[in-house]
Amino acid sequence: MSTDPRIGPPHLGGERETLRAFLDYHRATLAMKCEGLTGEELRRRSSPPSTLTLLGLVRHMAEVERAWFRRVFEDHEAPMVWSEKIDFQAAYDASASTRVEAFTAWEAEVEVSRRIEREAASLELAGYQPRWGERVSLRMVMVHVLLEYARHNGHADFLREGIDGTVGA
């Protein structure tokens, strides 16, 4: 990893600005953990018996973005990216995936998510989470997705260290 391109969240920002900034910070962290690696390295498994890879995490987060923004606020029937049914595990199998495929899908879903959030009048915007059969607020969705990134970026730390010894932010 070269320099740290991430922009930290504001120390005195409002709720929405802070949530948006932390979410983008974690999105940038995942991209940074993958920076400079070959396709083979991105598909390298962590440690047996785990099949987790950095590319699998990118694919998984594309599914998370789609399931929590697009499907909740725009199209409840939007298909998942890598599975016919809602199967978040399918995205983890990056054995035949490429950097271009995974990052193109992830970046597209991130842009849809950003647009939905920007266009929302407030964090109180309610959408329908079809998996739960319940309405959820944009606030809840942003916090949920932020927590997904934070958890998986911890995995990305270990994966990257196992590939080339790079540690830290």
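Brief remarks on what is shown
- Verdict on residue 68 being part of a helix (DSSP H, G or I), in contact with a helix residue (DSSP H, G or I) (Cβ under 7 Å, 6 or more places away or on another chain), of a type outside the set (Lys, Arg) and surrounded by 15 or more Cβ atoms within 10 Å (Cβ to Cβ): yes
- Residues of the stretch 135-169 satisfying the condition of being among the aliphatic types (A, V, I, L, M), farther than 17 Å from residue 4 by Cβ and crowded, with 16+ Cβ neighbours inside 10 Å: 136, 138, 140, 141, 142, 145, 146, 159, 163
- Criterion: over 16 Å from residue 74 (Cα atoms), open to solvent by 40 Å² or more (accessible area, probe 1.4 Å) and either at pLDDT 95 or above or part of a helix (DSSP H, G or I) (or both) - qualifying residue of 124, 107: 107
- Test set (1) closer than 24 Å to residue 126 by Cα; (2) at pLDDT below 95; (3) open to solvent by 50 Å² or more (accessible area, probe 1.4 Å) - residue 78 fails condition number: (3)
- Only one of the listed residues (50, 83) is of a type in the set (S, T, N, Q) and either assigned to a helix (DSSP H, G or I) or touching a helix residue (DSSP H, G or I) at 6+ places or on another chain (Cβ under 8 Å) (or both). That residue is 83.
- Meets criteria (under 12 Å from the mean Cα position of the chain (by Cα), open to solvent by less than 30 Å² (accessible area, probe 1.4 Å) and closer than 15 Å to residue 105 by Cβ) for residue 59: yes
- Sub-8 Å Cβ pairs linking a first residue in the stretch 3-28 that is modelled with pLDDT under 90 to a second residue that is surrounded by 13 or more Cβ atoms within 10 Å (Cβ to Cβ) and polar (S, T, N, Q), at least 6 apart or interchain, are 6/29; 9/18; 10/18, ordered by first then second residue.
The values are calculated or read from the model by the stated rules, or taken from the named source; none is laboratory data. Bear in mind that the values here come from a model prediction, so they are computed numbers and not experimental data. Glycine also receives a Cβ, built like all others from the backbone with ideal geometry; neighbour counts cover every protein chain displayed. Areas reflect the complete protein model, heavy atoms only, side chains present, ligands, DNA and RNA absent. Shrake-Rupley method; radii C 1.70, N 1.55, O 1.52, S 1.80 Å.
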